[in-house]
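The values are calculated or read from the model by the stated rules, or taken from the named source; none is laboratory data. Not measured: the values here are computed from a predicted model. Methodologically, a virtual Cβ is constructed for each residue, glycine included, from the backbone with ideal geometry; neighbour enumeration extends over all protein chains shown. Ligands, DNA and RNA are excluded from the accessible area calculation, which covers all protein heavy atoms including side chains. Shrake-Rupley method; radii C 1.70, N 1.55, O 1.52, S 1.80 Å.
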Amino acid sequence: MTQITLGIIGGGQLGSMLAIAAKKLNIKTIIFCDDIDAPAQNFCNKFISGNYNDKEKIVEFVNQVDFVTYEFENIPYETLNEINKIKPVLPKPSVNRLIQHRLAEKDFINKLNIRTTRYVSIEKKKDIEALEDFLPGILKTSTLGYDGKGQYPITSIEEFDSLNIDFSKEYILEKLVKLKKEISVIITRFNNHKYEIYEPIENIHEDQILKHSKIPAEINEKIFNQSREWAMLIAEELKYTGTLCVEFFIDRNDNLYVNEIAPRVHNSGHLTINAYNINQFENHIRAVCGLEQIPLKKLSNAKMINLIGDQISHYRKSSKLNNNEFLFDYLKKDIKKKRKMGHITTLI
Ligand code: ADP
Ligand code: MG
């Protein structure tokens, strides 16, 4: 069989881990990224840097690959759609367009009779005045947010006024859920009603950035089953190909809500690298490239901690780890505050 070449758009840590998984499957990877210092260039076969709107560069990239996938959702829909005319883009671009926009995403989820937080679209300053009902809440930019960027917790209209929000962008105001816990479900869809699904992962965020993940999640059986069912329903409805993550909230009365969908591999699933026979990255590649589906087997319970900002420095100097601990340094050039620099998974 001739060797498959997979194109990956985006060269952060997720791109790196996808490239590593591809290598294990004897698949070549070419990564396209707008950051010339993208860390994934350390792990792929070929790296092309260019702007996501640079047609010529994009065509140069597409001509060299068999399939295209992406590691983050904020790629212009037009770019993915143009590529899809030449080579298959998976998951398909329409999925990305839907999920890029928090409002469209939440409307879609609600149409499936799945509970989300209460939300309302905010387009101009005046919109907020009648919305006491949604306070305390979190105002979020409708597009381009990640790791808590573009989010403003607000408790009163006065507080909102003092923020001087830039209304050239669209926003969504979400009612704050009194959180008991957050979990995520990672699922890989291969084809109609064909899935591999990982057990729910329990997550702790600090400053709206994921800090800890662990399996098993301490949740009741009803939530365990419902979160999996909802993840399957979402993946099926999207006719999704590849790995997808659904983030959930659990409130103090044990109600389950979908927070958001990530149409890609996910940070909370990094522990699948050490805890499962097939990790989320390999499953994504298997689905996208049409390879064999292998039944998932959990090998161990696990917990993962993200190394954020200069927390990585300590481990770069001395990485004495126990043999159940696994360090992953993303090799990002600059250490920045609130930037995910690496993670450690511990098998337990
Ligand atoms: P991002 O796209 O940055 O991941 P999220 O909407 O997932 O944005 O928000 C990040 C985190 O902020 C969540 O995981 C949760 O901890 C907290 N958060 C966001 N929205 C709410 C909400 N409506 N109620 C309670 N907590 C929230
Ligand atoms: Mg999130």
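Do we have Ile154 as more than 10 Å from ligand 1 (Cβ to nearest atom), farther than 23 Å from Tyr70 by Cβ and not assigned by TED's automatic domain parsing to the domain that holds Ile75 here? Spell out how you get there, then give the answer.
Details: more than 10 Å from ligand 1 (Cβ to nearest atom): yes; farther than 23 Å from Tyr70 by Cβ: yes; not assigned by TED's automatic domain parsing to the domain that holds Ile75: yes.
Criteria met by Ile154.
Thr116: surrounded by 17 or more Cβ atoms within 10 Å (Cβ to Cβ), under 25 Å from Cys33 (Cα atoms) and β-branched (Val, Ile, Thr), yes or no? Before the answer, list the steps.
Details: surrounded by 17 or more Cβ atoms within 10 Å (Cβ to Cβ): yes; under 25 Å from Cys33 (Cα atoms): no; β-branched (Val, Ile, Thr): yes.
For Thr116, the condition - surrounded by 17 or more Cβ atoms within 10 Å (Cβ to Cβ), under 25 Å from Cys33 (Cα atoms) and β-branched (Val, Ile, Thr) - is not met.
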For this session: Return the total of residues in segment 298-308 being surrounded by 15 or more Cβ atoms within 10 Å (Cβ to Cβ) and without any contact (Cβ under 8 Å) to a residue 60 or more places away in the chain.
Result: 1
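Taking the residues in segment 56-100 that are among the acidic types (Asp, Glu) and within 28 Å of Glu260 (Cα to Cα) as candidates, determine which candidate is surrounded by the fewest Cβ atoms within 10 Å (Cβ to Cβ).
Just the residues of segment 56-100 that are among the acidic types (Asp, Glu), to begin with: 56, 60, 66, 71, 73, 78, 82.
Next cut, within 28 Å of Glu260 (Cα to Cα) only: 71, 73, 78, 82.
On the way: Glu71: 24, Glu73: 22, Glu78: 12, Glu82: 16.
Here the residue is Glu78.
Which residues, counting only those in segment 25-49, are in a loop (DSSP other than H, G, I, E, B), at negative phi and not aliphatic (A, V, I, L, M)?
Going through segment 25-49, the residues in a loop (DSSP other than H, G, I, E, B) turn out to be 25-27, 34-38, 43-45.
Right, trim to at negative phi and you get 25, 27, 34-38, 43-45.
Hits for segment 25-49 are Asp34, Asp35, Asp37, Phe43, Cys44, Asn45.
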Exercise. Which condition breaks for Ala262 when tested against (1) away from ligand 2 (no atom under 15 Å from the Cβ); (2) touching a strand residue (DSSP E or B) at 6+ places or on another chain (Cβ under 6 Å)?
Worked result: (1)
For this session: Take Val68 and decide whether it is modelled with pLDDT of 95 or more and either assigned by TED's automatic domain parsing to the domain that holds Gly12 or in a strand (DSSP E or B) (or both).
Result: yes
Problem set entry | Residues that are closer than 18 Å to Asn113 by Cβ, within 17 Å of the chain's Cα centre (by Cα) and in contact (Cβ under 8 Å) with a residue 60 or more places away in the chain, drawn from segment 231-256 | Ile234, Leu238, Val246, Phe248, Phe249
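Given the structure, is Val265 in the same structural domain as His205 (by TED's automatic domain parsing) and within 14 Å of ligand 1 (Cβ to nearest atom)?
Details: in the same structural domain as His205 (by TED's automatic domain parsing): yes; within 14 Å of ligand 1 (Cβ to nearest atom): no.
Answer is no for this residue.
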Seminar exercise, completed: When (1) more than 11 Å from ligand 1 (Cβ to nearest atom); (2) basic (Lys, Arg); (3) over 19 Å from Lys298 (Cα atoms) are applied to Lys211, the one that fails is (1)
Problem set entry | Subset of segment 190-205 [open to solvent by 70 Å² or more (accessible area, probe 1.4 Å) and in a strand (DSSP E or B)] | Asn191, Lys194, Ile204
For this session: Can you confirm whether segment 252-265 contains a residue that is open to solvent by less than 50 Å² (accessible area, probe 1.4 Å), part of a loop (DSSP other than H, G, I, E, B) and farther than 29 Å from Ile219 by Cα?
Result: no
Seminar exercise, completed: If we ask which residues in segment 266-297 are open to solvent by less than 30 Å² (accessible area, probe 1.4 Å) and assigned to a helix (DSSP H, G or I), their number turns out to be 14
Exercise. For Ile31, which of the numbered conditions (1) crowded, with 22+ Cβ neighbours inside 10 Å; (2) in contact (Cβ under 8 Å) with a residue 40 or more places away in the chain fails to hold?
Worked result: (2)
Problem set entry | Residues of segment 206-226 satisfying the condition of being open to solvent by less than 60 Å² (accessible area, probe 1.4 Å) and either within 15 Å of ligand 2 (Cβ to nearest atom) or of a type in the set (A, V, I, L, M, F, W, C) (or both) | Ile209, Leu210, Lys211, Ser213, Ile215, Ala217, Ile219, Ile223
Exercise. So which residues in segment 160-189 are assigned to a loop (DSSP other than H, G, I, E, B), touching a helix residue (DSSP H, G or I) at 6+ places or on another chain (Cβ under 9 Å) and β-branched (Val, Ile, Thr), if there are any at all?
Worked result: Ile165
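Somewhere in segment 303-310, is a residue charged (D, E, K, R) and more than 22 Å from Ala19 (Cβ to Cβ)?
The answer is yes; a qualifying residue exists.
Taking the criterion of being within 14 Å of ligand 1 (Cβ to nearest atom) and aromatic (Phe, Trp, Tyr), would at least one residue in segment 274-296 satisfy it?
Kept after step one, since they are within 14 Å of ligand 1 (Cβ to nearest atom), are these residues of segment 274-296: none.
So far as segment 274-296 goes, no, none of its residues is within 14 Å of ligand 1 (Cβ to nearest atom) and aromatic (Phe, Trp, Tyr).
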For this session: Restricting attention to segment 138-159, report how many residues are open to solvent by less than 80 Å² (accessible area, probe 1.4 Å), touching a residue at least 60 places away in the same chain (Cβ under 8 Å) and within 11 Å of ligand 2 (Cβ to nearest atom).
Result: 2
